[in-house]
Each structure stands twice: as structure tokens, then as C-alpha cells.
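Q: My questions all concern the structure below.
Nothing in this text is a laboratory measurement; each read-out follows from the coordinates by a stated rule. Just so you know, these numbers come straight off a predicted model, no measurement behind them. Cβ coordinates were reconstructed from backbone atoms using ideal geometry, including for glycine residues, and neighbour counts include every protein chain displayed.
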Amino acid sequence: MGGIDFEPIFIAVFVLVILAAVYSPLWLPFVFLFQAFERLLAKWGLFSPFRSILKLARVFPGLTHTEDGLVGPFRGHQLHMDSRSLEVIFNPPLPYGFELKPFDKHEQRYFECAKTGDRAFDATFLLRLGDPNALAWFDADTRRRLVSLRHLSATEGRLCYLTPHNFWTWGRARLRARGWAWRQAQLPIQASCSSVIQWVVALLSETAVGWQDDPGMDGRLRAAIIGEHVSLVQERLAALWCDLADAGTPGDWSWPEPADSAPFALRFLHIRGLADADRPAHYRAVIGACPASLRTAFLRDVARFEAATQIEILHEGLGLRPGTETALAGLTALGNDAVRALLVELADEVLSEKGAAMRDFAFDLLVALRDLGPHPDTEALFLKAVRRYKMMDFCLDSLDMIGSPAVIAELVPLRSVFNLDAQEKLDRVILSLQLRHGLLVGGGGGGLSLVVPEQGVGDLTLSEDQQGALTRIHRDRKVDES
């Protein structure tokens, strides 16, 4: 059996099966029969390129033939092959733990996987990072080789190529192996089984050598960032660079000045190495393009300046995507009176503008003001915005969270301008505010809404259009005027 090449037999059977399927009216039974045939061949190991131990011994004469397969050193690593897998064992293992396995939509629910940002790689594998620094080992060339192999698993201690399990994966492996042999300008290989083995071993060896090479963490990350072609992956690698540099990891963490058209990640890494006096101007120039992946590192750098300088830098990012999210996150964290005054003034201007973009910007500003907590200016702004139809629900919910007793008197007259559904929500918010501020006696009946002492001690809530009318809350939570 070791000297038989099963590829022509498989191809003939596969073609006959497809032809029979095309001309057969019984599609469903045929599909079940075809899948059963695949499982039977997989169980016998006929899809495996490693089934012939004698052929493997001829391709790799330096390996020792044992009961478990072929074992021995190969290109500086320990290699183990049997009829179902080919494994490269690292000695010593990599410094940072991770686990890589083929993608499985069912297992994804229970596997805490990390996304690299490369769609092709993330759709092919499930990756778990035991240490965030392990992301540096998955540069563009490594991901390309792993996606080409597809059927493999890996940890910090080994790389294992798994045998194909159906006609599709079996045929794809042979096509890719022949393409690799052609690109390598090799002579035609007699046995396609050997072609697949040589292709697998070559890619695994390149990956293992790249992982075992030790240029230092700064050198590995620098090469990965420069050679990266997926912007999201580059940004995440740059964020890892910033974390390691800020943690005092040994190495050269300076970055040369990139071209003006360079991605944000490269420009940001260069700015971090400038003198403190020059950095604020550069941060103001690039904050509008700061992506979410680098937001934490960017705000960590900005927080090292004085509060006034921070506000100047973050103000430049407002109104720009994706800089608005970064700027508002930094301003909310700063959270002083100057920040609130800036956001209130800007939100008041934006609310008077029309258009979907301005509405989205106004939402962002109002969310930031809500997160800053209760304040009379914030309440006044929400009371102004609540009259806008598309902001009504959001503003009522926000006033329910941060509103003071004085807000109740401003909300009652709005019942006359709201429709029935909005009136019910308004009544719920008023009742919630009364309960939260202890303005209801006995759980609801007979309660009076009072204003804060600064606006008039002893005053009752008045309706501007009907002076002297009191709000009466019934147990069915309906608001009437009497």
C-alpha cells in the first residue's frame, strides 16, 4: 500500500460522484451517501498525505522510523510525523502563551478568542492570547502562511498540521502544494503526496524559524508594524508598542519620522518620541484621525499635560470622525467645570443646526454631558433638546437619571405638546423623579412637586398656561390637571 498513489483514484471517484449527482433525481439521498463515503475515507486515513511511512522515509532520510511514526531533528526543530498529523516541537518554547486552532462556529461560543483585525485570518482560526504580547508573533507573513495551511493548531510549544478530512480540503491542499512548488522553481514531483508534505514542512519551518528568532521585542514589533498591510492590525500592534514602551520594557522605542501620507499609527509612534514642548501641537494635528485601537494610548499621553493644554488638544478632535469619540472620552475623564462649560456651549450651537451628521454629533455631546453628572446647565440643555422629536426619548431618559426636583416643573407643561405615547413616557419620568427625590407621600397619593429652595421656598409646581393648577399623581400613574 505504501507504493500506491491514490490521487488518480480519488480524482476518478470524485468525478464519477459529481456526474452521478448531476444526473440523479434523488439529490438528498445522494448527498447523505456522498458524506458517508467521505467519512469512511477519512477514517481509513486515505485523505492524509502522511499515510505512507515508507514514502516519508524516502523524502526525509534523516528521520528515525518508530512505532509512532517518524521522529527526528529537522532544520533546528524536533519533527514528528504519523499518519494523521505533522508536528514541529519548539525547544525552548516561545516566551508568551497562546492557543491557535481551526475556526469552529460552535466552539467559538466557549472559546475566548482574540481578534487580530485580519478578516481572512480571523475567519480561519480561533486565537486565544494567554499574554497580549503574543500578538507580536502574528505578523503579516506569518498569518499568510498559516491561512495557506489552514488545517493546523499551535501553542507556544508546538505547531501541528492536521490531515484533511474531506475531498474539498484534500484537493485544495494539493493545488496549493503544486502552486508552491511551481513558485519555488522546483522540478515536477512524481508523488503528489510528497509534494504536499514538502509544502507543509517548508511553511511550518519558515513559521517556526520566524517565531524562534529573537530580535528583541522592540525589533519584532518594529518589523511587524512596518510590514503590516491591514490597518486595524497595524493599529493594534502599535497599541502594544505603546504599552510596552510605557511599561519600561528594555529596547529602543523611538520611531523615525514617517512620510506625511503615512498611516496614523506610524505618525503617532513618532510623536511619542518628540520633546514635551513640541508634542501638544502635533497631537492637535492628528487627534481627528485617532482610531479606537489607539485611543487609550493617545489619551494616556494627553493626560500627562496640564488640564488647560488637555482641553485645547481634545477640543480639536470634536466634530471629526473618529476623533470625536477620543476627544469626548478624554474630556469626560477630565471632568472639570471648564470641560462642562465647553461641552454645553458647543452642544447648544450644534442643536440649532440641521442634518443627520449634526444630530449624531449632538447625541455624542449630550451623552458626555450626562456622564459628567447633574448640573443646572446640563438640565437646561436637555430640556431644550427634548422638544426635538428624534431626541425626545434619549433626553427624557437622561433627565430621569440626572434631573433635580426643579426639572419636574419644566416637564409638566410639555404634556400639552406631546402625543399620547410621549405623554405616558413623560408621566413615568415625572413619577420616577418624584420618587427618587422623596416628593411623594405614601407611595404616590397626595404628593406635591416642590422646587428647590434657591428658586422659591414653598412654591408649588405651576403650569405656565394654567396658573394655580397642581399636578396630582394617581395610583394608575396618569397625570391630570385639576
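Q: Give me the one-decimal nm value for the distance between modelled label points at E349 and R436, 7 Å along each residue's Cα-to-Cβ direction.
A: Those two pseudo-labels are separated by 3.0 nm.
Q: Okay, next question. To the nearest 0.05, what FRET efficiency results for R428 and L320 with a Förster distance of 45 Å applied to their C-beta separation?
A: 0.75
Q: Could you please report the charge total around R388, scoring K, R as +1 and D, E as -1 over all other residues with beta-carbon less than 14 angstrom from its beta-carbon?
A: Neighbour charge sum, excluding R388 itself: +1.
Q: Using 0.36 nm per residue of separation minus the Cα-Cα distance, give me the extension gain between K390 and A36 in nm, one decimal.
A: Full extension from K390 to A36 adds 121.7 nm.
Q: Let me ask another. Say R0 is 45 Å: what FRET efficiency, to the nearest 0.05, do T169 and D243 get from their beta-carbon distance?
A: Taking R0 as 45 Å, the efficiency between T169 and D243 is 0.75.
Q: K425: which aspartates and glutamates have alpha carbons under 14 Å from its alpha carbon, excluding same-chain residues fewer than 8 sequence positions away?
A: D393, D397, D400, D476
Q: Within 12 Å, Cβ to Cβ, of H229, how many net charges do the neighbouring residues add up to if Lys/Arg are +1 and Asp/Glu are -1?
A: Within the 12 Å Cβ shell, the charges total -2.
Q: Please work out the Cα convex hull volume for region 215-334 and give it in Å³ per residue.
A: Taking only Cα atoms, region 215-334 has a hull volume of 99 Å³ per residue.
Q: Aspartates and glutamates near K115 by alpha-carbon distance under 16 Å, same-chain residues fewer than 8 away left out - which ones?
A: Leaving aside aspartates and glutamates fewer than 8 places away in the same chain, those within reach of K115 are E99, D104, E107, D131, D139, E228, E235.
Q: How much net charge surrounds T309 when only other residues with a Cβ under 12 Å from its Cβ are counted (Lys, Arg +1; Asp, Glu -1)?
A: -2
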